[in-house]
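All remarks here apply to the structure that follows.
The values are calculated or read from the model by the stated rules, or taken from the named source; none is laboratory data. For clarity, every value in this text was computed on a predicted model and none was experimentally measured. FYI the Cβ positions are ideal-geometry reconstructions off the backbone, even for glycines, and counts take in every protein chain you see. Note: areas computed on protein heavy atoms with side chains; ligands, DNA, RNA excluded. Shrake-Rupley method; radii C 1.70, N 1.55, O 1.52, S 1.80 Å.
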Amino acid sequence: MRSHYSGEISPELDGKSVTVSGWVHEIRDLGRLKFLILRDREGFIQITAKEGITRSEVLSDIDQLSKESVVEIDGRVKKNEKAPNGVEIIPDRINLISRSESPLPLDVTQKVSSDLDTRLNNRFMDIRKPEISAIFKLRGKILDAGREFLKENGFIEIHTPKIIASASEGGTELFPISYFDREAFLAQSPQLYKQMMMATGLDRVYEITTYFRAEEHDTRRHLNEVTAIDIEMAFIKDEGDVINILEKLVLTMIKEASHCKELDILKREIKVPEKIERIEYDDVLKLLEEHRKKLPWGEDLDTESEKLLGRVMREEFGSDLYFVIHFPLSTKPFYTMPEGERYSRSFDLGYKGVEIASGGQRIHDPKLLLERIKHFNLDPKNFEFYLKAFRYGMPPHGGFGLGIDRVMMQLLDLPIREVVLFPRDRHRLTP
Ligand code: AMO
């Protein structure tokens, strides 16, 4: 068992015996004086070995070490104002646990920079860099905060199947797989299953899950494997109830991020808005037109419109986050609740020009649902298992999907591949 993380070694421990373990980040050999910088999850600690004080065996052990080897070191803590964090360890014993080969595929000390492809090809080593591991520590923390919020608000965590028989968001984005003697697909969303849960009495559910999207895009904001928080809640008045939950959830997550010590390493500052603006789809078209972008009514916002809207919301309204509400029915999937003939009870949440979530109220009347399935030229036979759940008592309900990768990329202003451990895109299937 490890006795101390580097972050726990403070000048107050002066004189105490400790054991630390981690990776050999750097060795500085000044002849009679050798510094070994040890790196672990928390940061760095300086190990100082000096001829005449340190046993010669330990000094020669240091000479044998290769960078990035894993070692365990026993030693004494010594206060030293010149050392990083004002403290160092005088080693009594160095135990080489796992020797690293050299040359290294990647320079962890960042003296030589590498392109993103090389970094992703060697992701295990890339994440050894404190400013990269900070991204994933932060990601874990905002997910914890989100989960805590949902728990406090009565949401039950569920897991829905990822091998499915039919599309929920439209047929073209499915990855087919062979399922014994049949064709099946990787789930592109928990949509149909989370809605079916609304017929069970478990009237508030959430899932933190992976979606698989066979989109051909090769962009800064699209991946083929996505992680999201999906929720579904019943007995709602309208989509406003869902928007309120999403607003609180996102603000909770951003607030958590704004307190994280990782922001120092990442050199970021995060402002937490008090509330999130709501803007009608029709007004978005007007705003875009004022900025010389004409989007025909009835079309979904394309990337250019999203970016422009993000800029306008920031510059003219001071908002990084905004809900676009009441999309035309034609832009939304079959399960979306219509509002009148042409509009829908749906919304998207934008964050600095990127859609991070979408959702709305759903149709709960089985007759209308069947009509909409047919309207989209989908085969009702494929949806029988789903439609059945609407025929024996289905309350009004709604929900959303919030993309975690998108939240992270916008929070830190990084491309999506930077905030995903092992991204899956058009070209990348390993590691
Ligand atoms: P939608 O298809 O909008 O909605 O997906 C929800 C959210 O998931 C994220 N997302 C993606 N992120 C990166 N790359 C992609 N290729 C990608 N596709 C989706 C986005 C998006 O806002 N069933 C509905 C949700 C609902 O209504 O409950 C759905 O899947 O952040």
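A few comments on the model shown:
- Where helices (runs of 4 or more DSSP H) sit wholly within region 315-431, those with at least 3 residues that are open to solvent by 10 Å² or more (accessible area, probe 1.4 Å) and more than 15 Å from the ligand (Cβ to nearest atom) occupy 366-375.
- Look at (1) assigned to a loop (DSSP other than H, G, I, E, B); (2) buried (at least 18 other Cβ atoms within 10 Å of the Cβ); (3) of a type in the set (G, A, S) and you find that A214 fails only one, number (2).
- Taken over region 222-240, the criterion of being within 9 Å of the ligand (Cβ to nearest atom), surrounded by 20 or more Cβ atoms within 10 Å (Cβ to Cβ) and in a loop (DSSP other than H, G, I, E, B) is satisfied by L223, N224.
- Selected residue (criterion: nearest to L192 (Cα to Cα)) from residues of region 241-264 that are open to solvent by 50 Å² or more (accessible area, probe 1.4 Å) and in contact with a Gly (Cβ under 9 Å, 6 or more places away or on another chain): D241
- K67 vs. criteria open to solvent by less than 40 Å² (accessible area, probe 1.4 Å), basic (K, R) and out of contact with any Phe, Trp or Tyr (no Cβ under 8 Å at 6 or more places or on another chain): no
- Qualifying residue in region 159-182 (condition: under 29 Å from N377 (Cα atoms) and among the basic types (K, R)): yes
- Positions within region 28-64 being among the hydrophobic types (A, V, I, L, M, F, W, C), under 25 Å from P103 (Cβ atoms) and surrounded by fewer than 16 Cβ atoms within 10 Å (Cβ to Cβ), in sequence order: L30
- Filtered residue count, region 264-301, keeping only those that are within 13 Å of L321 (Cα to Cα) and not hydrophobic (A, V, I, L, M, F, W, C): 6
Residue-wise test of (1) within 25 Å of D425 (Cα to Cα); (2) hydroxyl-bearing (S, T, Y); (3) touching a Lys or Arg at 6+ places or on another chain (Cβ under 9 Å); (4) modelled with pLDDT of 95 or more.
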position: P84; (1), (2), (3), (4): no, no, no, no
position: I89; (1), (2), (3), (4): no, no, yes, yes
position: R93; (1), (2), (3), (4): no, no, yes, yes
position: L96; (1), (2), (3), (4): no, no, no, yes
position: P105; (1), (2), (3), (4): yes, no, no, yes
position: D117; (1), (2), (3), (4): yes, no, yes, yes
position: M125; (1), (2), (3), (4): yes, no, yes, yes
position: A145; (1), (2), (3), (4): no, no, yes, yes
position: E157; (1), (2), (3), (4): no, no, yes, yes
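- Taken over region 200-230, the criterion of being aliphatic (A, V, I, L, M) and farther than 17 Å from E355 by Cα is satisfied by L202, V205, I208, A214.
Conditions (1) open to solvent by 30 Å² or more (accessible area, probe 1.4 Å); (2) under 27 Å from K255 (Cβ atoms), marked per residue:
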| position | (1), (2) |
| --- | --- |
| V71 | no, no |
| A83 | no, no |
| P103 | yes, no |
| L106 | no, no |
| R119 | no, no |
| D144 | yes, yes |
| P161 | yes, no |
| Y179 | yes, no |
| E183 | yes, no |
